[in-house]
């Protein structure tokens, strides 16, 4: 019985570690907010970039890694993994988060709207 409880705990820990990224936002609201992002970014599994890189699968992806996109030197050198938290910080004020980025976007000031967009990025990447 003790072994069974230990195994159950290990399975629970493994499942938690393997869980996909989760944003606290509402993906349906995020889709509406993403309309301002869609001017430059696509979120399309088939690939292809716009003025900005394709954001399909961005959560969990290394920065500066979309094939065929010419990133700014600042984003090329960044070397992070785009987590929910990192994307949230970047969307708050892109030029402040990554000085030298070419992304001409002032940011999304409302924390709930940022979480909504991130929830949409995750949902649209499935």
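Quick note: the coordinates plus some simple rules give every number you see, no bench work behind them. Remember, predicted model here, so these are calculated numbers, not experimental data. Every residue, glycine among them, receives a Cβ derived from its backbone with ideal geometry; neighbour counts consider all protein chains shown.
Here are some notes:
- Residue 102 versus residue 21: modelled label distance in nm, points set 7 Å from Cα along the beta carbon direction: 2.3 nm
- Here the label points at residue 39 and residue 72, each 7 Å from Cα along the C-beta direction, are separated by 1.6 nm in the simple model.
- Across the range 29-107, the mean sequence separation of Cα contacts (distance under 8 Å, 6 or more residues apart), normalised by length, yields a relative contact order of 20 percent.
- Nearest-0.05 FRET efficiency for residue 126 and residue 95, computed from C-beta distance (R0 35 Å): 0.70
- Sorted largest first, the spans of the alpha carbon positions of the range 21-124 along the three principal axes are 32, 31, 24 Å.
- Report note on the peptides 83-96, 111-124: ranked by the mean count of other C-beta atoms within 10 Å, highest first, their order is 111-124, 83-96.
- The range 55-115: mean projected area of Cα convex hull, nm²: 4.0 nm²
- Stretched out straight at 0.36 nm per residue, the stretch from residue 32 to residue 110 would grow longer than its current Cα-Cα span by 26.7 nm.
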